[in-house]
Amino acid sequence: MRSIRVDVIDIDDPGDTRVDDFRDLNSVDRRPDLPALPGGRVGKGLVIAEGVLVAQRMIASRFAPHAFLGVDKRLGELADDLTDPSLAGIPFYRATAEVMAEVVGFHLNRGVLAAARRPSELDLGEVVARSRTIAVLEGVNDHENIGSIFRNAAGLGVDAVLFGAGCADPLYRRCVRVSMGHALLVPFARFEAWPAELSVLRDNDFRLISLTPGPTAVPLSEAVDAPKVAFLVGAEGPGLSETSMRATDVRARIPMSRGTDSLNVATAAAIAFYERARSGTMSA
């Protein structure tokens, strides 16, 4: 049996500064995953993974963890993953559940956290060039919806997620948790000029599809059969802007019943991803 590569360090004092990267995770003005803090202060901008499964996916991702904090039971559950040579010398701060709760500010049922620094963001053009099916988000500012979209994208074969104007941070702790760590594995990039940079997708032969409940939109199943497809989804309530929809090739709707006019954005995206997978054109 291979030995773990991390350095196990016992933490008995919740005030120990060595665990500051995990401190006050619910604080609006001190959270370590905020790149910017109130008052114009610069934050740490860390990526925090919660739980064994999400920590495992962080280890497997480009978000290299630089520290762990967890109870002894979770250390044992992660033992096989902690044999990775890339983790040599990284501290695993072992603490009781009570000490962890005082550090993070609440009782953490998942029992382990991992922290990573944010690497450079991926280049939009390179992400697009490597993809055949893409989700494009505009104005999606709910972290749980973004996390769910990443999880749906991973499970249904979507290659990347792109962020337009008005979207929340995909590396916020709740987003990473809800995505089950897939926000760390599914490539994502941001548009600098929105929606003008949608031309990058068109230049790479993507069919741009606006998801909308509009009555003139075609049924979704009729729009997904192109070799390359990008689905645009908007925020809860307002949906996609008219400006963005005008920049797409087709407007498509999910057939609804019983007077329902729309679905949750993550649910709608999942249906679009499934319809694309069902069409058999994802890997054509």
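The values are calculated or read from the model by the stated rules, or taken from the named source; none is laboratory data. No experiment lies behind these values; they were computed from the predicted model shown. For neighbour counting, all protein chains shown are included, and Cβ atoms are generated from backbone atoms with ideal geometry for every residue, glycine included.
Residues that are crowded, with 18+ Cβ neighbours inside 10 Å and at pLDDT 95 or above: list the helices (runs of 4 or more DSSP H) wholly contained in the stretch 179-284 that include at least 3 such residues.
The helices (runs of 4 or more DSSP H) meeting that bar are 265-278.
Does A64 satisfy the condition of being touching a Gly at 6+ places or on another chain (Cβ under 7 Å) and closer than 12 Å to A116 by Cβ?
Considered against the rule, which asks whether it is touching a Gly at 6+ places or on another chain (Cβ under 7 Å) and closer than 12 Å to A116 by Cβ, A64 comes out as no.
Filter the stretch 55-74 down to the residues that are assigned to a helix (DSSP H, G or I) and in contact with a Leu (Cβ under 8 Å, 6 or more places away or on another chain) and list them by number.
Once the filter is applied, which keeps residues that are assigned to a helix (DSSP H, G or I) and in contact with a Leu (Cβ under 8 Å, 6 or more places away or on another chain), the stretch 55-74 yields A55, Q56, R57, M58, I59.
Enumerate the pairs (first residue in the stretch 155-172 and touching a residue at least 40 places away in the same chain (Cβ under 8 Å) and assigned by TED's automatic domain parsing to the domain that holds D33; second residue anywhere and among the charged types (D, E, K, R) and outside any loop (DSSP other than H, G, I, E, B)) with beta-carbon separation below 9 Å, excluding pairs fewer than 6 apart on the same chain, so at least 6 apart or on different chains.
none
Conditions tested, residue by residue: (1) in contact (Cβ under 8 Å) with a residue 40 or more places away in the chain; (2) assigned by TED's automatic domain parsing to the domain that holds I48; (3) of a type outside the set (A, V, I, L, M); (4) over 30 Å from S120 (Cβ atoms).
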{"position": "T212", "(1), (2), (3), (4)": "yes, no, yes, yes"}
{"position": "A217", "(1), (2), (3), (4)": "no, no, no, yes"}
{"position": "A223", "(1), (2), (3), (4)": "no, no, no, yes"}
{"position": "E236", "(1), (2), (3), (4)": "yes, no, yes, yes"}
{"position": "L240", "(1), (2), (3), (4)": "yes, no, no, no"}
{"position": "T243", "(1), (2), (3), (4)": "yes, no, yes, no"}
{"position": "A266", "(1), (2), (3), (4)": "yes, no, no, no"}
{"position": "I271", "(1), (2), (3), (4)": "yes, no, no, yes"}
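Answer yes or no: is there a residue in the stretch 150-168 that is touching a Cys at 6+ places or on another chain (Cβ under 9 Å), surrounded by fewer than 21 Cβ atoms within 10 Å (Cβ to Cβ) and in a loop (DSSP other than H, G, I, E, B).
Within the stretch 150-168 (the criterion being touching a Cys at 6+ places or on another chain (Cβ under 9 Å), surrounded by fewer than 21 Cβ atoms within 10 Å (Cβ to Cβ) and in a loop (DSSP other than H, G, I, E, B)), the answer is yes, since at least one residue qualifies.
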